[in-house]
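Each remark here refers to the structure printed beneath this line.
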Amino acid sequence: MKLFKYLRKYWYAILAALILLVVQAHSELTLPSITSDIVDVGIQQGGLETATPESIRESTLSAIELFMTDDEKDTIKENYKKTTETVDGKDVTVYELQHKSEANKEKLAKIFELPMFMLATSQSKESKDGAAAKEILDEYKQLGTEGQQAQELGKEAQEAGAAAQAAAASGDLATAQEKGAEATQKGEQAQSIGDSIKQTQNELPEKVEAARKETKEGLGDVGQDSMKTVGIQLTLAEYKALDKDTKQIQMDYMFKRGSEMLVLTLIAAVAAILVGLIASLVSSSVGKNLRVGQFDKILQFSNTEMETFSPASLITRSTNDIQQIQMGLVMTIRLVLYAPILGIGGVYEVFKTGTGMGWIIALAVGLVLLLVLTLLGFTMPKFKSLQKLVDRVNLVSREIITGLPVIRAFSRGKYEENRFDVANTNLMKTQMFVNRSMSIMMPIMMLLMNGISVLIVWVGGHNIDTGQLQVGDMMAFITYTMQIVMAFMMLSMVSIILPRANVSAGRVDEVLETEPSIIDPEQPQDDHDFKGQVKFEGVTFRYPDAGEDVLHHINFTANPGETTALIGSTGSGKSTVVNLIPRLFDVSSGRITIDGVDIRQMSLHKLHDLIGFVPQKGVLFSGNIESNIKFGNVEGISDEQMKKAAQIAQAEEFIDGNELGYEREISQGGTNVSGGQKQRLSIARALAKDPKVLIFDDSLSALDNKTDIALRRALAERVKGITQIIVAQKISTILHADNIIVLNEGRIVAQGTHDELMETSPVYQEIASSQLSNAELGLEAE
């Protein structure tokens, strides 16, 4: 369900995919029935789909009509027209079908099949099903014989009567009397036979109906198929008798059905390609939106959230996890939606065949489900841990790569190699377990499919032997069964892959649903004319989940045009103080204002626009020197401003020393420049945006004394009217600051100018005496 929620936005694409999947499934499910027709109709039935003859000899039709009801005979007369054809040089009376539509042929086939079967079985010496039909046929033959006898007796009676009349006319009364008696006797015999014929004719309809009923009951469940087969064979024999090209009829049918197979295959292929295209487009779009959304969310994170998610984990979530989601979505659209359509359609088609082997389908599905559920029970826990193991490998890799100089310096290469090997081995073992599960599943599935095929052939063979099933139907049943099993196999494969995608979706959601602790106010107060006065009013701060405060009641003011310095021992809270100004963290109590406006009442964009921040560790981005200096406002910073900032930051010398100048490439992280050059470019970047508040977080420590002095002189001479806040370890950096704040264990212990602090602050005196010479401290003069 975590995956499906990503598809809501693309409901129209999913609807289109569903329609195409139905088209594809319908095409693929139609192919087995066509194959069955090619075998049963095209090969075994000579291309005739029904027993309805388009042409039939009068003699054959008369014989068939012996086993029809009166209504059926009338229907046949309505649909056939009597004509004459020449066959082998002889004129033959033939009946031609008038309406040759498939529907009409099907209707007439239901009339022809039983009479044709009865006619065929009545003429077969080996058939056990034609007893009733033979009896009817014998009675018709007897009627024919008796009719001939009656005609002969009638003729003899006429002849005797004529002789009697002739004898009477000639006066031969004895002869006339004898012939008259003979004529009377013959006439009475003919009358008796005629009455018998009439009685038999009156009884025949009931006998025909009884024979039809007896024949149907004798055939049982397979009656319709048997009657159809016999009827078609009789029709083929009739066509051969009429000298029709039965081979061409067969070839026409095979070509017609084969063409249908090709068209359906093409439709299924096109539908599959389009569904694959839709799945790719949707998954790619979802992946893109997730990456953008996650990236935007990460940009909003404060240091608090960044500490909750490690950088290595965030990188994994933005890359590998989203790739897993994309793969899961493709599988969902392509297989999860398709498998039920194919499976349900296959079950429907199987029951349409009426083979009576549906229990084999139930057995196959049950075995597949048992296999899938067993595998899921073993693999699901592993999938849940897989992404965490990927996180661990990324974390260790990132630490080793970024800390490579330190690792080499302390000869810890072997230790780090073992640490990476442990993380990598754990990931490999989990992946191997999952892959083994997949590899075990496929052979078992193939064994299952082949076993089911053998079972179908065995059961179907017995049914074919008893006449309950045709070869083509069995072939279609095997294909449908394989399609149903394949549908469940697809679901089983997806069930192995989707849990990992689902875990990834949960991890991505965890980032997207994390609300930043530092956000813009509902009504920001950004419309002030800010000058840059920074004021701390009773500021206390505690890190999240920490047990105690790290800053206690900090109060000071940094005015525009002045330099405010922060100094103290390591861990005294200097960097924490300046990190509160751009709201990398929010104060726990108290407030920080700029020109009287609480920074929490300003938008983050406006606040950061007022501040030029030089971090403790210089960070450069891949590009060139120009793009890095103009990073604060690429379009708003002119080349003159850029060069001025580089001059003040004492970076112009090494920039101009390279023939590429400001176009010189900077590698990722600024690894192709020295630490001092990196720091100077960071300072130039902060100066170029022309901020109201300029913060140096111990940024001058990487500079040599000469560059440090030149930089401070340039700042004093060329940067006017802005608030400068400097965090420093070296007193020489801040000797001329307007206000020096001394921090100790998170508290302000003193503040003032250098001279004032040298007189009043023991902590500052201790720091100064450890860094400055007696001459610099003025002790020699004393």
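What's the center-to-center distance, using Cα atoms, between segment 635-662 and segment 713-741 in Å? So the two Cα centres are separated by 22 Å.
Measure up LYS110/LYS141; LYS141/LYS198; LYS105/LYS141 against 23 Å on the Cα-Cα distance and list the ones that go over. In this structure, LYS110/LYS141; LYS105/LYS141 exceed 23 Å between Cα atoms. Take every Cα pair under 8 Å in the chain that's 6+ residues apart, average their separations, divide by the length, and report that relative contact order as a whole percent. Dividing the mean separation by the residue count of the chain yields 13 percent. Just want the answer: with Cβ charges of +1 for Lys and Arg and -1 for Asp and Glu, which residue in GLN470, LEU448, VAL503 is farthest toward the dipole's positive end in segment 422-555? So the residue furthest toward the plus end is GLN470. Apply 1/(1 + (r/R0)^6) to the Cβ-Cβ distance of LYS81 and GLN123, taking R0 = 30 Å, and write down the FRET efficiency to the nearest 0.05. Once rounded, the FRET efficiency stands at 0.65. Please report the relative contact order for segment 376-467, taking Cα pairs under 8 Å with a sequence separation of at least 6, and give it as a percent rounded to a whole number. Taking the mean separation of contacting Cα pairs over the length of segment 376-467, I get 37 percent. When we measure straight from the Cα of LYS531, which lysines land under 20 angstrom away, once same-chain ones fewer than 8 places off are left out? Hits, sequence-local ones excluded: LYS606, LYS689, LYS692, LYS720. Only helices enter this figure: runs of n ≥ 4 DSSP H residues, each worth -39500 (n - 2.57), summed and divided by the residues of the chain, yield -22000 deg cm²/dmol at 222 nm to the nearest 500. The residue among PHE556, GLY461, GLY571 whose Cα reaches farthest toward the positive pole of the charge dipole of segment 450-601, with charges on the beta-carbon of Lys, Arg, Asp and Glu, is GLY461.
Packing, as the average of other Cβ atoms within 10 Å across residues, places the peptides 267-277, 408-418 in the order 267-277, 408-418, highest first.
Compared with the dominant Cα axis of the chain, that is its longest principal axis, helix 320-331 is turned about 10°. Put the Cα centre of segment 166-212 next to the Cα centre of segment 91-109 and the gap is 41 Å.
Partner aspartates and glutamates whose Cα lies under 12 Å from the Cα of LYS216, excluding those fewer than 8 positions away in the same chain, are identified as GLU113, ASP129, ASP225. Sequentially through segment 745-761, phi angles give Karplus couplings (6.51, -1.76, 1.60; θ = phi - 60°) of 6, x, 10, 7, 9, 6, 7, x, 7, 4, 5, 5, 6, 5, 8, 10, 10 Hz, Gly and Pro residues having no value and appearing as x.
Against the main long axis of the alpha-carbon atoms of the chain, helix 70-79 sits at an angle near 70°.
Taking volume of the Cα convex hull per residue in Å³ as calculated from this structure, the corresponding entry among [x] 148; [y] 266; [z] 172 is [y]. Note on LYS382: lysines with a C-alpha under 17 Å away, same-chain residues under 8 apart excluded, are LYS429.
Among beta bridges from DSSP that stay inside segment 640-782, the antiparallel ones total about 50%.
Every read-out reported here was derived from the displayed coordinates using simple, explicitly stated rules and does not represent laboratory data. Small disclaimer: the values here were computed from a predicted structure and weren't measured. When we count neighbours, we look across all protein chains shown, and the Cβ atoms used for this are built from the backbone with ideal geometry, even at glycine.
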